[in-house]
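One structure below.
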Number of protein chains: 2
Amino acid sequence: MESAFGIIAEPNRRAILSLLASSERSVSEIEHQLRMPQPSVSKHLRVLREAGFVEARVDAQRRVYRIRPEPLMEVEAWLAPFRCFWSPHVDALERHLDRMGQTSHGKKKKEKKR
Amino acid sequence: MESAFGIIAEPNRRAILSLLASSERSVSEIEHQLRMPQPSVSKHLRVLREAGFVEARVDAQRRVYRIRPEPLMEVEAWLAPFRCFWSPHVDALERHLDRMGQTSHGKKKKEKKR
DNA sequence: CAGGTATATGACCTAAGCGGTATATACCTG
DNA sequence: CAGGTATATACCGCTTAGGTCATATACCTG
């Protein structure tokens, strides 16, 4: 997995990161809150750890994971040159997110021009 | 390709987007500037277009592509909860990016160093 | 030490995605 | 209309990543 972008392409990994954003958690906490099988959690955590997104603290048998911000800052940095497109479209984002929210997978064939 | 994150996981697609960030371009312009085969460019542009990252304007035989910001805003929005981690680590980003620079990447594109 | 809990790893399978080549379509110019 | 340029698509083979199941390792407690 080359870059930070490849790492966060995985929905479960994003879910783990979002969960850890609020506070650090043990593997089993992640497992239960996200309702995913434990080997899968461990595997994703390994990927995240090796890519520098998280780090683990040992607490008895538990490993408590927490965010490390650098790789996400890299994403943020890549995004910077596009910021100038934001301002005319601040409202458009909400419409976009709305559309994303309800239609689980709206496939569009035809493109429209304006 | 489920989400916007999956789309930008591809390095060539990120390169195309970064190129379009400065100004709109035709397919052949992208092809030459990024030195990638034309079918590959068209294929990536299709993915980007169907995901809403770009749109095309027809100009004779050319298709001129330009950025549409919504999906990138979605990424930005997802990133927001992690911003609170930034401030103590502003300097750490540079060290991180330096390390990234020397990792083995067979491909080198026109990367700009901060 | 035994037994239990927490986490990591390995093997296997499947599917998706990318690169490459060849070809099709669209449009322009003379 | 012919020939040329610009772009899109179809097909194929390969690699890789993710899910699942089984098992291994680590640590705690009685």
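Computing FRET efficiency as 1/(1 + (r/R0)^6) for B:Arg62 and A:Arg83, where r is the C-beta to C-beta distance and R0 is 35 Å, gives about 0.80. Peptide B:63-74 shows a mean partner chain C-beta count of 5 within 10 Å per residue C-beta.
Of the trypsin sites (Lys or Arg not before Pro) found in the range A:13-58, those in coil by DSSP whose Cβ has at most 10 other Cβ atoms within 10 Å are A:Arg35. Looking at the range A:10-74, the accessible area is 53 square angstrom per residue; that uses a 1.4 Å probe and ignores ligands, DNA and RNA. Remark: mean inter-chain Cβ contacts per residue of A:7-15 equal 4, using a 10 Å Cβ-Cβ cutoff to other protein chain atoms.
Any idea what diffusion coefficient the range B:4-80 gets from Stokes-Einstein, in µm²/s, Kirkwood Rh on alpha carbon pairs, 4 °C, 1.567 mPa s? Don't jump to the answer; show the numbers that get you there.
Working: Rh = 12.5 Å.
Taking Rh from Cα pairs, D becomes 103 µm²/s.
Count, for each residue of B:81-87, the Cβ atoms from other chains sitting within 10 Å of its Cβ, then give me the mean as a whole number. Please report the intermediate quantities before stating the final value.
Values: counts 5, 11, 5, 3, 8, 4, 1.
Taking the mean over all residues of the peptide, I get 5.
Buried accessible surface for the B/A pair, both sides summed and rounded to the nearest 100, is 3900 Å² with a 1.4 Å probe.
The values are calculated or read from the model by the stated rules, or taken from the named source; none is laboratory data. Computed from a predicted model, the values in this text were never measured in an experiment. No Cβ is skipped: glycine too gets one built from the backbone with ideal geometry, and neighbour counts run over all protein chains shown. Ligands, DNA and RNA are stripped out before the accessible areas are found, and what is left, the full protein with its side chains, is counted by its heavy atoms. Shrake-Rupley method; radii C 1.70, N 1.55, O 1.52, S 1.80 Å.
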